[in-house]
Amino acid sequence: MSSGPTGFVPPPYPYDRLDALKPAAAAHEGGIVDLSIGTPCDAPPAAVVEALARSAAERGYPASIGSAAYRAAASEWMAGRLGVTVAPDQLAACIGTKELVAGMPHWLRLRDPSRDTVLYPAISYPSYAMGAELAGARAVPVPVGPDGRSDLAAIDPADAERALCLWVNSPANPTGHLDDLEAAAAWGRAHGVPVLSDECYVEFTWADRGRTILEHGHDGVVAVHSLSKRSNLAGARVGVYAGDPDLVHYLAELRKHAGFMVPGPVQAAAVAAWADQAHVDEQRARYLARLERFAAIMGALGVDAPMPGGGFYLWAPAPDGDAWALVRRLATDGGALVSPGEFYGPDGAGFVRVAVVQPDERLELVARRLGVA
Ligand SMILES: Cc1ncc(COP(=O)(O)O)c(C=O)c1O
């Protein structure tokens, strides 16, 4: 074949674009301090790892929707922590939430081929837009107001009519803003558009209690949760989606046919994780302290990094709006990798995102290198 494929070509993966900065950061004694990808560094509870090792659930195929124990544990967590009643048959397991986020437009399009548009926050986790692209659908950003809320009034009625779904994400990655989930649910119902609420940072809500869209009813809404951040289990790949009975049933049936299954030992570990809140409280304290410490480090560099309403990212405007200059400075002088805001949409240009996912001593190392310890 001489001409090569003419169809979809995956764009560069955002974080691969930081590769060029790695040699300069790695040249520091002690190496790179990676604050770019939001990947947890702290240990999950010993009981969770024990359950992972000793479940004996590796022999047979696991249930695609999740075992009865898994669904009961997730349902109990939602009741205890989020204050909502979700019957175990109104939720199902996913293999972490990224696959669900990226796959959803495709599956919704199969369900309603007359629609072709994914609405998502203009500054956001890149997989909402990528999911649209992978489905051959239109990715239409929804502006985010200065208060961090999705500006639903700005959605073009023509786009609403074509919408497969509206994504909301609260607390938001990367901005840390909290959205108005009640308004999002009401907008979706008024326009007949499913509202998908990515709530994977809910345990790390600082400016409020943790909120779910399911507080405002289940009709037409689906909440998406993950154990990656909550329980430091990003490597195990396990999450849950819950809400509108018809939509959850449709997704669960489709995913069963397609072979989406959380491995049995991981489900067993997840049961132990959902049931324990103490480790989450410890993790909250760690992230809060790291956020405050690194905000002070940025402040000493002359960069105003406000505390987020939730999540474990600092979202800071770069001096003179030059995000890449700040990213380069932190890499060269501090040996730290952070992300330029453009990774999260054009409206994010001019900001940098710092994920405080390194141990305290690594953050102190960056402060010393930068001369602001
Ligand atoms: C907003 C948001 N949603 C979903 C995910 C996916 O997490 P996971 O697939 O590990 O559940 C992430 C990960 O960074 C995220 O930031």
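The values are calculated or read from the model by the stated rules, or taken from the named source; none is laboratory data. Model, not experiment: these values are computed from the prediction. Positions of Cβ are backbone-derived with ideal geometry, glycine not excepted, and every protein chain shown enters the neighbour counts. For accessibility, only protein heavy atoms count, side chains too; no ligands or nucleic acids. Shrake-Rupley method; radii C 1.70, N 1.55, O 1.52, S 1.80 Å.
Count of region 331-347 residues, restricted to those that are assigned to a helix (DSSP H, G or I), more than 24 Å from the chain's Cα centre (by Cα) and not β-branched (Val, Ile, Thr), is 3.
Tell me, which residue of region 127-136 that is open to solvent by less than 20 Å² (accessible area, probe 1.4 Å) and either more than 15 Å from the ligand (Cβ to nearest atom) or in contact with a Pro (Cβ under 7 Å, 6 or more places away or on another chain) (or both) is nearest to residue 98 (Cα to Cα)?
Going residue by residue through region 127-136, those that are open to solvent by less than 20 Å² (accessible area, probe 1.4 Å) are 127-128, 131-132, 135.
From what's left, either more than 15 Å from the ligand (Cβ to nearest atom) or in contact with a Pro (Cβ under 7 Å, 6 or more places away or on another chain) (or both): 131-132, 135.
Numbers: 131: 10, 132: 13, 135: 15 Å.
Residue satisfying both the conditions and the ranking: 131.
Test of understanding: among 367, 316, which residue is assigned to a helix (DSSP H, G or I) and crowded, with 18+ Cβ neighbours inside 10 Å? Before the answer, list the steps.
Values: 316 fails: assigned to a helix (DSSP H, G or I).
Selected residue: 367, the only one of 367, 316 that is assigned to a helix (DSSP H, G or I) and crowded, with 18+ Cβ neighbours inside 10 Å.
Annotation: of all residues in region 137-178 being closer than 21 Å to residue 110 by Cβ and among the acidic types (Asp, Glu), the one that is least open to solvent (accessible area, probe 1.4 Å) is 159. Pairs meeting the criteria (first residue in region 108-123 and at pLDDT 95 or above, second residue polar (S, T, N, Q) and assigned to a loop (DSSP other than H, G, I, E, B), beta carbons under 7 Å, at least 6 apart or on different chains) are 123/175.
Give the number of residues within region 218-231 that are away from the ligand (no atom under 16 Å from the Cβ) and either in contact with a Phe, Trp or Tyr (Cβ under 7 Å, 6 or more places away or on another chain) or open to solvent by less than 30 Å² (accessible area, probe 1.4 Å) (or both).
The number of residues fulfilling the criteria is 2.
Criterion first (surrounded by fewer than 19 Cβ atoms within 10 Å (Cβ to Cβ) and within 16 Å of the chain's Cα centre (by Cα)) does residue 235 satisfy it? If you could, list the steps in order and put the result at the bottom.
Numbers: surrounded by fewer than 19 Cβ atoms within 10 Å (Cβ to Cβ): yes; within 16 Å of the chain's Cα centre (by Cα): yes.
So residue 235 fits the description; yes.
Residues in region 128-156 that are of a type outside the set (A, V, I, L, M, F, W, C) and more than 25 Å from residue 207 (Cβ to Cβ): 131, 133, 136, 138, 156. Taken together, 256, 229 contain a single residue that is more than 21 Å from the chain's Cα centre (by Cα), assigned to a helix (DSSP H, G or I) and among the charged types (D, E, K, R), which is 256.
Here's the yes/no breakdown for (1) under 24 Å from residue 125 (Cβ atoms); (2) in contact (Cβ under 8 Å) with a residue 24 or more places away in the chain; (3) open to solvent by 60 Å² or more (accessible area, probe 1.4 Å):
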site: 47; (1), (2), (3): no, yes, yes
site: 55; (1), (2), (3): no, yes, no
site: 63; (1), (2), (3): no, yes, no
site: 70; (1), (2), (3): no, yes, no
site: 76; (1), (2), (3): no, yes, yes
site: 83; (1), (2), (3): no, yes, yes
site: 88; (1), (2), (3): no, no, no
site: 93; (1), (2), (3): yes, yes, no
site: 100; (1), (2), (3): yes, yes, no
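Got at least one residue in region 335-345 being in contact with a His (Cβ under 7 Å, 6 or more places away or on another chain) and of a type outside the set (Asp, Glu)? Yes - at least one qualifying residue is present in region 335-345. What about residue 305, is it closer than 27 Å to residue 230 by Cα, at pLDDT 95 or above and assigned to a helix (DSSP H, G or I)? When the stated conditions are applied, residue 305 does not pass them.
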